[in-house]
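S.K.: This is the structure I want to talk about, given as C-alpha cells.
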Amino acid sequence: MDRDAEHLNLLSIFTYIYAGLMALTSCVAIIYVGLGIAMIAAPQTMGGPGGESPPEALGWIFILLGGFALLLGWTIAALIALAGRNLRRRRRYWYCFVIACLMCLSVPMGTVLGVFTILVLCRPTVKTAFGLAA
C-alpha cells in the first residue's frame, strides 16, 4: 500500500510539472496575437517588397487563431493539472484514467507519463484506494 501511495504522489507531481510545461509552451501563440495586433495597428510597417500592407482581415485571423491556440493550450494544461490534483486526493478515478489516455497522444513526455499513470491506475489496490470495487 505504501508503494501505491508513493507512486500516486510521484505521478501527481510529474503531472503538475507536465501541465506547467504545457501551459508554458502554449504561450508561443502570444506571438501570433502580437503579430495580428501589429498588422492592424501599424500595417505600413508590415509591408512587403512592393510596399503593400497586409489586409486588416489577415491581422484579425492571426489574433483569432493565436487566441484560440492559447486558450486551448491553457485549457488542456488546466485539465491535466486537475488530474494531478485528483491523483493526489485519490478522487475521480475515471477522469484520471481518461486524461492519462489522452496524455499518451503527446509524444514523448506525455506518452511516458500517460503509460505509467495507466499502469499504476490499473492495480487493484489503487482502485480500492480510489474507492472502486477491485
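No lab work stands behind these numbers, since they all come straight from the coordinates. Worth saying up front: this structure is predicted, and the values here are computed from it rather than measured. All Cβ positions, even for glycine, are placed from backbone atoms using ideal geometry, and neighbour counts span all protein chains on display.
S.K.: With Rg and Dmax of the Cα atoms in Å in mind, check [x] 14.5, 44; [y] 23.0, 90; [z] 21.0, 71 and report the label derived from this structure.
M.R.: Working out Rg and Dmax of the Cα atoms in Å from the coordinates points to [z].
S.K.: Here's a follow-up. Based on the Cβ-Cβ distance of L24 and W60, what FRET efficiency does E = 1/(1 + (r/R0)^6) give at R0 = 22 Å, to the nearest 0.05?
M.R.: Values: r = 26 Å, r/R0 = 1.20.
After rounding to 0.05, the efficiency reads 0.25.
S.K.: Let me ask something else. Using the Cα atoms of the stretch 1-53 to build a convex hull, what is its mean projected area in square nanometres? Provide the component values of the computation, followed by the final result.
M.R.: Numbers: hull surface 19.0 nm².
The Cα convex hull of the stretch 1-53, projected and averaged over all directions, gives 4.8 nm².
S.K.: If you don't mind, there's one more thing I want to ask. For the stretch 2-129, give the magnitude of the charge dipole about the Cα centre (Cβ charges: +1 Lys/Arg, -1 Asp/Glu; no others), in debye to the nearest 20.
M.R.: Details: 9 positive and 5 negative charges, 178 e Å.
Approximately 860 debye in magnitude.
S.K.: By how many degrees, between 0 and 90 and to the nearest 10, does the Cα long axis of helix 93-103 differ from the longest principal axis of the chain?
M.R.: Once rounded, one gets 50 degrees.
S.K.: Report the extension gain between A42 and R88 in nm, rounded to one decimal, defined as 0.36 nm multiplied by the number of residues separating them, less their alpha carbon distance.
M.R.: Numbers: separation 46, 0.36 × 46 = 16.56 nm, distance 4.93 nm.
Length gained, A42 through R88: 11.6 nm.
S.K.: Could you list the trypsin sites (Lys or Arg not before Pro) in the stretch 73-134 that lie in coil according to DSSP, counting only those with at most 15 other Cβ atoms within 10 Å of their Cβ?
M.R.: Within the stretch 73-134, the qualifying trypsin sites (Lys or Arg not before Pro) (loop, at most 15 other Cβ atoms within 10 Å) are R91.
S.K.: Relative contact order for the stretch 2-129: what percent, with Cα pairs under 8 Å and sequence separation of 6 or more?
M.R.: Numbers: 144 pairs, mean separation 38.0, N = 128.
After rounding, I find 30 percent.
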